[in-house]
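Chemist: Dropping the structure in here first, questions after.
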Amino acid sequence: MAAPLLELHGITKRFGALTALKDLSFHIGEGEVIGLLGDNGAGKSTTVNLISGIHKPTSGHLSVDGKQTLFTCRTDSADAGIETIYQNTALVDDLSITRNIFMGRERTNALGFLKEGEMREIAMEVLNSAVHISGIDSPDKLVGDLSGGQKQAVAIARAVYFKRRILMLDEPTSALSVRETEALLSQVLKLKAENVSSVLVTHNIYHAYQVCDRFVIMSHGTKVFDVAKADTDIAQLTEYVVLT
Amino acid sequence: MAAPLLELHGITKRFGALTALKDLSFHIGEGEVIGLLGDNGAGKSTTVNLISGIHKPTSGHLSVDGKQTLFTCRTDSADAGIETIYQNTALVDDLSITRNIFMGRERTNALGFLKEGEMREIAMEVLNSAVHISGIDSPDKLVGDLSGGQKQAVAIARAVYFKRRILMLDEPTSALSVRETEALLSQVLKLKAENVSSVLVTHNIYHAYQVCDRFVIMSHGTKVFDVAKADTDIAQLTEYVVLT
Amino acid sequence: QSVGEDEQVTATMIIYLDPSVQFFNPVVRGAEDAAAAFNVSLDVQYANNDPVRQNDLIDSAAAAGVDGIAVAISSSDAFDESICNAVDQGIIVIGFNNDDLEGAAGNCRQAYVGMDEEASGYELGQRMIAEFGLEEGDVVFNPREIPEATFAVARGGGIERAMDEVGITVETVRAGLDPAEAQNIMTQFLIANPDVKAVFGTGSVTSTVGAAAIRDAEIDVPFAGFDLAVEIANAVESGEMFATMDQQPYLQGYHPIAQIALAARYGLTPTDVDTGQGAFLDQSRITAIKDLIGTYR
Amino acid sequence: MITATDSGSAPPRHGPAHYLRRFLANPAGSIILVFGLIQIACIIWALLNPNDFRYLSPQNLAILMRAVPVLGCLALGVGVLMIAGEFDLSVGSVYALTAIVMAVQVTAGMSGFLAAGIAIAIGVAIGVLNGLITLRFNLPSFIVTLGGLLFWRGAVLLYNGAVQVRFDPEPAFTAIFAGTIFGLNAAFLWFLGLTFAFYMLLHHHRFGNHVFATGGNRAAATAIGINTGRVKIIAFAIAGGMAAVAGILATARVGSVQPGQGTGLELQAIAACVIGGLSLRGGRGSMIGVFLGVLLIHTITNVLLLIRAPGFYLEMFIAVLIVGASILNQLIDRRGRA
Amino acid sequence: MITATDSGSAPPRHGPAHYLRRFLANPAGSIILVFGLIQIACIIWALLNPNDFRYLSPQNLAILMRAVPVLGCLALGVGVLMIAGEFDLSVGSVYALTAIVMAVQVTAGMSGFLAAGIAIAIGVAIGVLNGLITLRFNLPSFIVTLGGLLFWRGAVLLYNGAVQVRFDPEPAFTAIFAGTIFGLNAAFLWFLGLTFAFYMLLHHHRFGNHVFATGGNRAAATAIGINTGRVKIIAFAIAGGMAAVAGILATARVGSVQPGQGTGLELQAIAACVIGGLSLRGGRGSMIGVFLGVLLIHTITNVLLLIRAPGFYLEMFIAVLIVGASILNQLIDRRGRA
Ligand SMILES: Nc1ncnc2c1ncn2[C@@H]1O[C@H](COP(=O)(O)OP(=O)(O)OP(=O)(O)O)[C@@H](O)[C@H]1O
Ligand SMILES: Nc1ncnc2c1ncn2[C@@H]1O[C@H](COP(=O)(O)OP(=O)(O)OP(=O)(O)O)[C@@H](O)[C@H]1O
Ligand SMILES: [Mg+2]
Ligand SMILES: [Mg+2]
């Protein structure tokens, strides 16, 4: 088999005196959907941020396509084809939906001036197709005026639109309604069919079981279980998540 | 039957041009657990904020124990015995867990000086009993350094500790792990046994069905369904939430 | 006294405004020349127009153990205690540029070197009245950089006294220290008040831009001011400006330091010096002085 | 979808209230309205009393055009930086320093244009330095640039002592920066042009989008891949460079530089920005707002001088009117949203 | 539970690095360390060169005690307000105004104590007014108090003209506010006492908890039932009142008031707070930090004066040293957290 898309090797991450991740290793294969599960404070978001280049590991390293590397900022991870939906959504409240979606990846002409009409249209289209969120009548609305679920939908729309090789989803459905949650999960499967891998962080084991191919369960900053869907069932997963 | 604990009468709430709630009426009985369901942007959080005194209605009014009233600030609703877990947690990141829990309701001596030792002990106890959250080793930790679920646990601990007559829970489990979610739901039932009413906002209909006595389903700012648990089932609820 | 023939005398000069005020350039130069001539180790400090800070400076100089202090006594009351403490400690204190309004009776300083700014304002006012025939009922304009600063109160007060005597009204406005902004404000005032019969600068900023403001407002009135700068000298020379008042600041720096050195080394008693003779500079006198501006004038 | 009206399927018809509301939803909407109302009041009054209130006299209009650009250029630069979430208190000192350097060089025989270029380069360099210290050591820019305020003010004295410097450039220089073009003051045209350039840069260019994102939520902007450090440093450089431009315009006009000039301009520039609707916390505002904020401050002073308000207490009236205009702005703004 | 060490069940033993880290985790930890280091350096130097560097001479210690309280009191008040999330730029003007009013009243025959009470009442009233305007119209306090800066400076002139006023209160007044008690300067004792009072109020009293909550996250504080408007107004009142206290101490010491005094003090006070670790965005900081910030600024000036640094460039040195101290502070702070 070819080298995995992305691999973590013995990653440790400390915040001052607190060790959030301890010697964590796992890999993400091509077209694979991984469920990253674990208790609150287990280190799931820290792992996602690390893979996105927001946090730098205290020790350990990553490899992309088998080549050892380190992400020092978000641009590095974007270059590696990683797109992330952050737990805290990472949106700028004072900017419009369109501008949030295209933030840092604006469509511009040769001089750097924005193609506003074009971006606006795409934004509207993405919002309507990727997530069927209600109540957003205009892509010019400020993100700060949206409801919790609407904000999350914008973050999802952005990541889905720019996805390339790996999509990281940190509790993407926490504020979503039943209908939108279903839509998102089927998006993940659709992307998988397009050979985009995903890492889904969630506390809902049913959702994870519904779409994931493999499960990585974390506890207190370490990996305690790493199993393919075929080799496990919901009961066992629940047991691992709850009891470790 | 006695007058309900709290009743909403024809509440309308506008934000500028947007009508978030339109002629909304429902009531909360004594010792009743209500599931407030609905799509993203349906107006659930707006309803919760309104009952908590954060938003003032554009028209309509409330009644508490049958007496007509209007909450103009959070203190009014606290006087009426309402305690809220907000969707955005409403915590001050730069303060410690203890200070967040006792914010605005500090234990002080006659001169207003804080009884820090006492509050610290209670905080620790509440965190350990109300929600069994992991990773919080000290109530002196700053809330800003906590994980998403840990923050939510602090907000829950605060509301549960100060609960009196009605507990409003706006998507309280969105960031919680399986274990903590179970703990919270059983808390709600325990409080019901102590005659504390609850309003649970959630997108997880299974959770709602597990603990609620009655369901209010909202769509586009209006109530579309109001039904006792005995008269419905999960399938019908899902249908209403998803299709309206 | 305490300092030997070959030892350095130490002295601190304390100026009440901030270092960017041009007026004190010749003062400092005079002090430095005296320091070089009399083997004095001199440091110059600036109080930035804050009496509390000036107290700190006097006290700090005393604490550092200098032999003498030259200080602009810009307040009649604020520095009495600090100066008396320094004198009690055996330090020679000489006032310059500004003195206690009660003179030697109001303060422990041993001598004063300077002139009377109120008097120079009064003199300029009288000369303008005489030269341009200002009369009762007229209005004159006297913009002030910082109206509450001592120099502005004294000079402006002198002008007002001269005008009052004839029944002329003095209009004033805060102009600030920024020349461009001062010029704007003065121009706008002149546009609004076309009946102004004469304009008086107060400090170096208003005196420098006054002629240009009159030009901008498209009116033609006489103008006079205070202090010396190349622009001011040019304006006086070209006739755009009637005259400017100077007070020989070089001497206000030279004398105090020289006197401190002589008093510390030989016990000579410091004495008052009046530097205000020959303050009035008009077209007839300006050319001779022009080249010395910024150094000795 | 939640709609504002119950009009069903027919396209809703909009009354004037609707358009007013849409106009006010524009970030600079309410300040445009306030400014417009004040101008209309002044103009009507001036037409009724042409002799007592010479607001519309050619001299007064000329003064307006000459007076506004200095504060205006400072405020544009400071405004960009404020939107990016940082302060620059050193602009007043940089303004004085660059002007002095330019004047001294011209006196020494350099061409005015070259000297102006050097002045701008120095301003930009100081801005970059402020930015590097702020970011490298994670300090509040308030402290760093307060240090800059004192330091560069001292550097002025170190460079050329406490003496006023004459500025006598070639006539072409004066014509381009202080002359009259098409009947308009050249400095004012520069200011207009720069306002337009900054408007385009901030509101319709990629860089501006990054500035708003950086100031609005730095953590989110970083998480999404914007190099917020670089954005901030460029914004610092712009503030420093615009301080130098202000110095050039002021010096070309007055023909001399005073070492103490520019004191307090930093607060005035920030005030103009805040009046124009910029948030002190960054991430919010518009360049048109800054432009009108500057014009509003000047109009207020101008009107007070024209109606011969007692000059001694002028600042009191200015204070009252500035706060009053801000209140009016806020009330209109609230009405637009409610 | 996630633990820092792998030590298993035995209680971990702590090395000095552990205690240093715990000390630095204290909000004022790193400024205490920076201040201590600078003091130790000065003291060693003074002991080695007792004649050239008279840092430890009784006279110099007396100056320290006389000089610190004025800026100190201003900074304490401004600091409380900054933690609550607002600015007050008018404190310098309020300081001058209240001092003038007090001096004029005493000259007119009033008792010094009564006049001081009136001064404080005026300061508090102005603070409340600032607060009401800021909150009622939802304006940035920056603009409102910038208006206040200009307005009250003008009011000084309106009240008593541009003349300085003698202050000759009863001897008891001078003894209590500027005399010597137990060998210590009375004003300094007041400052110490006020620092302690503010420390208790902010860090161990309910009100302080509300101040931190209001400044840290106003929406959350409101949602949880804190009357954030009231908290802010009280904080404004404290800032105004402390400006008056600073005026009283300054006037009692100097014996006269100048109408222009106090210009620029607002920025110095904010600088002292920021150096002491307060955030410009509110919600963070400690009163001990403010106290040490003031002492640090003064120590720097004092040392420069004692070594007779050239006054012409004094502010440049001060700027460099302030920024340097902030950098040191930040580096130590970061080390404590890393
Ligand atoms: N910036 C930080 N500073 C200090 N501690 C942090 C920081 N970020 C996270 N932590 C700590 O690291 C641990 C892991 O946090 P993380 O956010 O990764 O948990 P998580 O698994 O995502 O939890 P949740 O399910 O609640 O989101 C927690 O104990 C948290 O308190
Ligand atoms: N402060 C506000 N200003 C303007 N519009 C707002 C504001 N708060 C909410 N809204 C709008 O009101 C509508 C209802 O919002 P609300 O937060 O009540 O939804 P919700 O039912 O809680 O949704 P979710 O499940 O996503 O949390 C949304 O369309 C939202 O955009
Ligand atoms: Mg997480
Ligand atoms: Mg909600």
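Chemist: How charged is the neighbourhood of B:Gln236? Take every other residue with its Cβ under 15 Å from the Cβ of B:Gln236, and add Lys/Arg as +1 and Asp/Glu as -1.
Modeler: -2
Chemist: Spelling out what I want: for every residue of segment E:31-45, take phi, set θ = phi - 60°, compute 6.51 cos²θ - 1.76 cosθ + 1.60 (Karplus), and round to whole Hz; glycine and proline get x.
Modeler: 5, 4, 5, 4, 4, x, 4, 5, 4, 4, 4, 4, 5, 4, 4
Chemist: For a quick size check, give me the Cα extents of chain C along its three principal axes, largest first, whole Å.
Modeler: Cα extents, longest axis first: 64, 36, 31 Å.
Chemist: Let me ask another. Across peptide C:118-126, how many C-beta atoms of other chains are within 10 Å of each residue C-beta, on average?
Modeler: Averaged over the peptide's residues, the number is 0.
Chemist: Nearest beta-carbon of D to the rotation axis carrying it onto E: which residue, how many whole Å?
Modeler: D:Arg281, 3
Chemist: What FRET efficiency comes out for the pair C:Ala130/C:Thr287, r = Cβ-Cβ distance, R0 = 35 Å, nearest 0.05?
Modeler: Rounded to the nearest 0.05, the efficiency is 0.95.
Chemist: Same structure, new question: Lone cysteines in the protein assembly as shown, defined as no other cysteine's Cβ under 4.7 Å from theirs: which are they?
Modeler: A:Cys73, A:Cys212, B:Cys73, B:Cys212, D:Cys42, D:Cys73, D:Cys273, E:Cys42, E:Cys73, E:Cys273
Chemist: For the protein assembly as shown, what is the percent of antiparallel DSSP beta bridges, rounded to the nearest 5?
Modeler: Rounded to the nearest five, the antiparallel share is 45 percent.
Chemist: From the Cα trace of chain B, what convex hull volume per residue do you get, rounded to a whole Å³?
Modeler: With only Cα atoms used, chain B gives 137 Å³ per residue.
Chemist: Between rounded, prolate and oblate, where does segment A:130-244 land on the alpha carbon gyration tensor, with a ≥ b ≥ c its root eigenvalues, rounded for a/c under 1.5, else prolate if a/b exceeds b/c?
Modeler: prolate
Chemist: In percent, what relative contact order does chain C have, based on Cα pairs under 8 Å that are 6 or more apart in sequence?
Modeler: Rounded, it is 22 percent for chain C.
Chemist: Name the long-range amide H neighbours of E:Gly179: under 5 Å, sequence gap of 5 or more, or other chain; modelled H, no Pro or chain starts.
Modeler: HN-HN under 5 Å from E:Gly179: E:Ala186, E:Ala187.
Chemist: To continue, here is another question. Of C:Val21, C:Val113, C:Val199, which is the most mobile in a GNM of chain C whose springs link Cα atoms less than 10 angstrom apart?
Modeler: Among C:Val21, C:Val113, C:Val199, the largest GNM mean-square fluctuation belongs to C:Val21.
Chemist: Most mobile of E:Ala162, E:Ala186, E:Ala237 per a Gaussian network model of chain E (Cα springs, under 10 Å)?
Modeler: Of the options given, E:Ala162 has the highest mean-square fluctuation.
Chemist: Which GluC sites (Glu not before Pro) does segment B:131-238 hold that lie in a coil by DSSP with at most 12 other beta carbons within 10 Å?
Modeler: Sites meeting the loop and neighbour criteria: B:Glu194.
Chemist: Relative contact order for chain E using alpha-carbon pairs under 8 Å, separation at least 6, rounded to a whole percent?
Modeler: Dividing the mean separation by the residue count of chain E yields 33 percent.
Chemist: Let me ask something additional. How much net charge surrounds C:Thr208 when only the other residues with a Cβ under 9 Å from the Cβ of C:Thr208 are counted, with Lys and Arg +1 and Asp and Glu -1?
Modeler: -2
Chemist: Would you kindly work out, in nm and rounded to one decimal, the distances from the label point of D:Gly264 to those of the same position in each other copy, ordered shortest first, with label points 7 Å along Cα-to-Cβ?
Modeler: Once sorted, the set of distances for D:Gly264 reads 1.3 nm.
Chemist: Once phi is turned into ³J(HN,Hα) by the Karplus curve 6.51 cos²θ - 1.76 cosθ + 1.60 with θ = phi - 60°, what whole-Hz value does each residue of segment D:218-234 show in order, with x for glycine and proline?
Modeler: Result, rounded to whole Hz: 5, 4, 5, 4, 5, 4, 9, x, 8, 7, 5, x, 5, 4, 5, 5, 4.
Chemist: Using only Cα atoms and rounding to the nearest 10 degrees, what angle (0 to 90) does helix C:117-132 make with the longest principal axis of chain C?
Modeler: Helix C:117-132 sits at roughly 20 degrees to that axis.
Chemist: Would you please give the residues with an amide H less than 5 Å from that of B:Ile85, counting only those at least 5 places away or on a separate chain, with H modeled from the backbone geometry?
Modeler: Excluding prolines and chain starts, which carry no amide H, the hits are B:Met168, B:Leu169, B:Asp170.
Chemist: Taking the Cα centre of each part, how many Å lie between segment D:170-248 and segment C:121-180?
Modeler: Measuring centre to centre over Cα atoms gives 42 Å.
Chemist: Using protein chains only and a probe of 1.4 angstrom, how many square angstrom of B:Ser174 are accessible, to the nearest 10?
Modeler: My reading of the accessible area for B:Ser174 is about 40 Å².
Chemist: Leaving ligands and nucleic acids out of the surface, order E:Ile288, E:Ile143 by accessible area at 1.4 Å, largest first.
Modeler: Order by accessible area, largest first: E:Ile288, E:Ile143.
Chemist: OK, next. For chain B, what is the percent of antiparallel DSSP beta bridges, rounded to the nearest 5?
Modeler: Here the antiparallel bridges make up roughly 55 percent for chain B.
Chemist: How many partner chain Cβ atoms sit within 10 Å of a residue's Cβ in peptide A:143-155, on average, as a whole number?
Modeler: Numbers: counts 3, 2, 3, 2, 10, 9, 10, 2, 1, 2, 2, 0, 2.
The per-residue average across the peptide is 4.
Chemist: Next up: Only Cα pairs within less than 10 Å get springs; with that Gaussian network setup on chain D, which residue of D:Gly311, D:Gly293, D:Gly285 has the largest fluctuation?
Modeler: Comparing D:Gly311, D:Gly293, D:Gly285 in the GNM, the peak value goes to D:Gly311.
Chemist: Also: Work out how far the C-alpha atoms of segment A:95-162 reach from end to end along every principal axis, then list the three figures in whole Å, largest first.
Modeler: Principal-axis extents of segment A:95-162 (Cα, largest first): 36, 21, 18 Å.
Chemist: Sort segment E:134-292 into rounded, prolate or oblate with this rule: let a ≥ b ≥ c be the square roots of the eigenvalues of the Cα gyration tensor; rounded if a/c is under 1.5, and if a/c is not under 1.5, prolate when a/b is larger than b/c, oblate otherwise. Mind dumping the intermediate values first?
Modeler: On the way: a/c = 2.36, a/b = 1.40, b/c = 1.69.
Verdict is oblate for segment E:134-292.
Chemist: Check B:Leu6: other-chain or 5+ apart residues with amide H under 5 Å from its amide H, H built from backbone geometry?
Modeler: Placed amide hydrogens put B:Ile28, B:Asp65 under 5 Å from B:Leu6.
Chemist: Taking just the alpha-carbon atoms of the protein assembly as shown, what radius of gyration and Dmax come out, in angstrom?
Modeler: 35.2, 113
Chemist: If you don't mind, there's one more thing I want to ask. Say a paramagnetic label sat at a point 7 Å from the Cα of A:Thr69, along Cα to Cβ; which residues of segment A:85-108 have their backbone N under 20 Å from it?
Modeler: A:85-86, A:104-105
Chemist: Which pairs in the list A:Lys151/B:Lys44; A:Lys67/B:Lys151; B:Lys115/B:Lys141; A:Lys190/B:Lys229 are over 26 Å apart, alpha-carbon to alpha-carbon?
Modeler: Where the Cα-Cα span goes over 26 Å, the pairs concerned are A:Lys67/B:Lys151; A:Lys190/B:Lys229.
Chemist: Hey, another quick one. Any idea of D:Phe113's accessible area? Nearest 10 Å², probe 1.4 Å.
Modeler: My reading of the accessible area for D:Phe113 is about 90 Å².
Chemist: OK, next. Could you report the accessible area of D:Trp45 in Å², rounded to 10, computed with a 1.4 Å probe on the protein chains as they sit in the structure?
Modeler: 110
Chemist: Mind listing the phi-derived Karplus ³J(HN,Hα) values for segment B:217-224, rounded to whole Hz, using 6.51, -1.76 and 1.60 with θ = phi - 60°, and x for any glycine or proline?
Modeler: These are the phi-based 3J(HN,Hα) values: 10, 10, 8, 6, x, 10, 7, 10 Hz.
Chemist: Still on this structure: Under 8 Å for C-alpha pairs, at least 6 residues apart: give me the relative contact order for chain B, rounded to a whole percent.
Modeler: About 27 percent, as a whole number.
Chemist: Rounded, prolate or oblate: which fits chain E, taking a ≥ b ≥ c as square roots of the Cα gyration tensor eigenvalues, rounded meaning a/c under 1.5, else prolate when a/b beats b/c?
Modeler: oblate
The values are calculated or read from the model by the stated rules, or taken from the named source; none is laboratory data. The model shown is predicted, which means the values in this text are computed figures rather than measured ones. Quick reminder, even Gly has a Cβ in these numbers, built from the backbone with ideal geometry, and neighbours come from all protein chains shown. To get the accessible areas, we keep the full protein, side chains included, count just its heavy atoms, and leave off ligands, DNA and RNA. Shrake-Rupley method; radii C 1.70, N 1.55, O 1.52, S 1.80 Å.
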